[in-house]
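Report on the structure given below.
The values are calculated or read from the model by the stated rules, or taken from the named source; none is laboratory data. Values in this document were obtained by computation on a predicted structure and should not be read as measured data. Neighbour counts run over all protein chains shown; Cβ positions are idealised from the backbone, glycine included.
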Amino acid sequence: MTVGHQPSAPAGPIIEARDVVLSFGETPALQGANLSVAAGEMVAIMGPSGSGKTTLLHCLAGILTPDAGEIHFAGRRIDTRGETERSALRRDRFGFVFQFGQLVPELTTEENIALPLLLGGTRRAAALKETAPWFRQLDLEGLQKRRSGELSGGQAQRVALARALIARPEILFADEPTGSLDSLTGEHVMDLLVTAARQHGTTVIVVTHEPRVAAYAGREVVVRDGKVTSFAAMPATP
Amino acid sequence: MSVPLTLLGLLEREPSHGYDLKRDYDAFFGRGKPLPFGQVYATLARLARDGKVVVGESEAGAGPDRKRYVITEQGATEFETWLGEPVEAEPHLQTVLFAKVVLALILGRDAGRYLDTQRAAHLQRMRELTEIKRAGSLVDALLADHGLFHLEADLRWIDLTTARLDALAEAVRS
Ligand SMILES: Nc1ncnc2c1ncn2[C@@H]1O[C@H](COP(=O)(O)OP(=O)(O)O)[C@@H](O)[C@H]1O
Ligand SMILES: [Mg+2]
């Protein structure tokens, strides 16, 4: 047995975009975008408005299909798979948080959080029971029976985060998750997001144009004109 | 950070010994750079000479320095005035960034690359401050936030300047 004595191999990327090109009609959104993210990493995608951040995120997550280039997840190419398979991937292995408008207004907070489990076939009582630790972890105690329309912006985003994480996704995709929040509330959400992701080893890819949000990530890349640039920080002169 | 005014502020709470002042200064304002004892006593001596504090009699018994310092009316007035004044906004860092960008453009160097490098350095520092904020006390968080907001302001300027580089290059060269 060599367990515990193996040199830990550098983890390969869990997800990767290779030379991805995508246009919306005449509008080029991605023009050869490359991004490689290691398992457990948290990466911020920054860049000016309209530069292609959301399009890149959607390509990585299998929501959009590139015109050219490849997307690889967990060692397998996924952009060539059919919609059924990709939607199963999104449901079972990815979690999503968007800027707003993602909770089902008719459902209670508890039901909203349990939704991925319910859709995955877990029975109602068991699914609702599994939401309990998330109320503690995301500072939502007491809001179990509220409908999502009765939540503040920060509460709604924390519910969305719990819902994104409850099925233990391997990758959390977040697109401007604090975009609709004031800075104190936004930081609270980011703080909880980072704590939860670290605790569960979740890989996080977060699109944001806010430096203070990007600073929660381990590194950042910048999208400009549909291409990804990244710069290692070099030592600054005092 | 003005040491004399900060010590006056600490004395405004209550008459204190030199070592109490040093301890509180280090805890609140030192941030890993403790105030040397020599500087504490030199500062207190100057404040005494200028009539802003008075020195009590040595107290019998204990350590090398058992003198208690008391703030005077004059010292308290000066401190209050200072406390009520806004601090001058510091444009120094921005001036350096600006100088580098303009020089790069004048010399036909890659100003965009410089800005990208600066951007990465700023974000790196913001990451460090964010970690300090997440791990530390509320006081640490307040200080980290101050740094974060200033760095963010620089970053916004860096992004805006990056977006305007072509126009700037023309303006600088003409
Ligand atoms: N559904 C769409 N239909 C047409 N054009 C789109 C669509 N989505 C995005 N675009 C265009 O693609 C480019 C990149 O958009 P996007 O990825 O949303 O940028 P970002 O998220 O960086 O703001 C922009 O020019 C945008 O107008
Ligand atoms: Mg977007």
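Whenever a residue of the stretch A:110-127 is in a loop (DSSP other than H, G, I, E, B), its partners that are of a type outside the set (G, A, S), lying with C-beta atoms within less than 7 angstrom and at least six residues away or across chains, give the pairs A:G120/A:R91.
Condition (residue is within 29 Å of B:H150 (Cα to Cα) and within 16 Å of ligand 2 (Cβ to nearest atom)) applied to the stretch A:148-168: is it met by at least one residue? No, that holds for no residue. Of all positions in the stretch A:89-96, at least one carries a residue that is within 16 Å of ligand 1 (Cβ to nearest atom), touching a strand residue (DSSP E or B) at 6+ places or on another chain (Cβ under 7 Å), touching a residue at least 40 places away in the same chain (Cβ under 8 Å) and assigned to a strand (DSSP E or B).
Taking the conditions exactly as written (modelled with pLDDT under 90 and not aliphatic (A, V, I, L, M)), does B:G108 satisfy them or not? Judged against the criteria, B:G108 is a match.
Here are A:R198, A:R224: which of them is surrounded by fewer than 21 Cβ atoms within 10 Å (Cβ to Cβ), touching a Gly at 6+ places or on another chain (Cβ under 9 Å) and without any contact (Cβ under 8 Å) to a residue 24 or more places away in the chain? Give the derivation first.
Details: A:R224 fails: without any contact (Cβ under 8 Å) to a residue 24 or more places away in the chain.
Result: A:R198 is the single residue among A:R198, A:R224 that is surrounded by fewer than 21 Cβ atoms within 10 Å (Cβ to Cβ), touching a Gly at 6+ places or on another chain (Cβ under 9 Å) and without any contact (Cβ under 8 Å) to a residue 24 or more places away in the chain.
Applying the set (1) surrounded by fewer than 22 Cβ atoms within 10 Å (Cβ to Cβ); (2) within 14 Å of another protein chain (Cβ to nearest Cβ); (3) within 30 Å of B:I158 (Cα to Cα); (4) in contact with a Ser or Thr (Cβ under 9 Å, 6 or more places away or on another chain) to A:V213 leaves exactly one unmet item: (1).
Listed by first and then second residue, the pairs linking a residue in the stretch B:145-174 that is more than 13 Å from every other protein chain (Cβ to nearest Cβ) to a residue that is surrounded by fewer than 17 Cβ atoms within 10 Å (Cβ to Cβ) and not hydrophobic (A, V, I, L, M, F, W, C), with Cβ atoms under 9 Å apart and 6 or more places separating them unless they lie on different chains, are B:A169/B:G108; B:R173/B:G108. Check the stretch A:186-205 and report whether any residue there is assigned to a loop (DSSP other than H, G, I, E, B), within 16 Å of ligand 1 (Cβ to nearest atom) and within 30 Å of B:A163 (Cα to Cα). No, because not a single residue in the stretch A:186-205 is assigned to a loop (DSSP other than H, G, I, E, B), within 16 Å of ligand 1 (Cβ to nearest atom) and within 30 Å of B:A163 (Cα to Cα).
Could you tell me whether the stretch A:219-231 includes any residue that is under 20 Å from A:Q99 (Cβ atoms) and aromatic (F, W, Y)?
No, every residue in the stretch A:219-231 fails to be under 20 Å from A:Q99 (Cβ atoms) and aromatic (F, W, Y).
For (1) more than 19 Å from the chain's Cα centre (by Cα); (2) under 30 Å from B:I158 (Cα atoms); (3) within 16 Å of ligand 2 (Cβ to nearest atom), each residue gets a yes or a no:
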| site | (1), (2), (3) |
| --- | --- |
| A:S51 | no, yes, yes |
| A:G69 | yes, no, no |
| A:E83 | yes, no, no |
| A:I113 | no, no, no |
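Look through the stretch B:128-144, keep the residues that are of a type outside the set (S, T, N, Q) and crowded, with 19+ Cβ neighbours inside 10 Å, and return whichever of them is farthest from the other protein chains (Cβ to nearest Cβ). Before you say what the answer is, go through the steps one by one.
Step one: list which residues in the stretch B:128-144 are of a type outside the set (S, T, N, Q), which gives B:128-129, B:131-136, B:138-144.
From the residues that got through so far, the ones that are crowded, with 19+ Cβ neighbours inside 10 Å too are B:129, B:133, B:144.
Details: B:L129: 7, B:K133: 8, B:A144: 10 Å.
Among them, the one singled out is B:A144.
Within the stretch A:85-108, which residues are hydroxyl-bearing (S, T, Y) and either modelled with pLDDT of 95 or more or closer than 15 Å to A:S36 by Cα (or both)?
Residues of the stretch A:85-108 hydroxyl-bearing (S, T, Y): A:87, A:108.
A:T108 - this is the single residue of the stretch A:85-108 that is hydroxyl-bearing (S, T, Y) and either modelled with pLDDT of 95 or more or closer than 15 Å to A:S36 by Cα (or both).
Within the stretch A:33-58, the residues that satisfy the criterion of being away from ligand 1 (no atom under 14 Å from the Cβ) and away from every other protein chain (no Cβ under 14 Å) are A:N34, A:S36, A:V37, A:A38, A:A39, A:G40.
Based on this model, can you work out whether A:F73 counts as away from ligand 1 (no atom under 13 Å from the Cβ) and either crowded, with 16+ Cβ neighbours inside 10 Å or not charged (D, E, K, R) (or both)? Talk me through it step by step, then tell me what you get.
Values: away from ligand 1 (no atom under 13 Å from the Cβ): yes; either crowded, with 16+ Cβ neighbours inside 10 Å or not charged (D, E, K, R) (or both): yes.
Yes, satisfied.
Among the residues making up the stretch A:206-220, those that are within 12 Å of ligand 1 (Cβ to nearest atom) and β-branched (V, I, T) are A:V207, A:T208. Sub-6 Å Cβ pairs linking a first residue in the stretch A:48-73 that is basic (K, R) to a second residue that is within 13 Å of ligand 2 (Cβ to nearest atom), at least 6 apart or interchain, are A:K53/A:I45; A:K53/A:G47; A:K53/A:V207; A:K53/A:V223, ordered by first then second residue.
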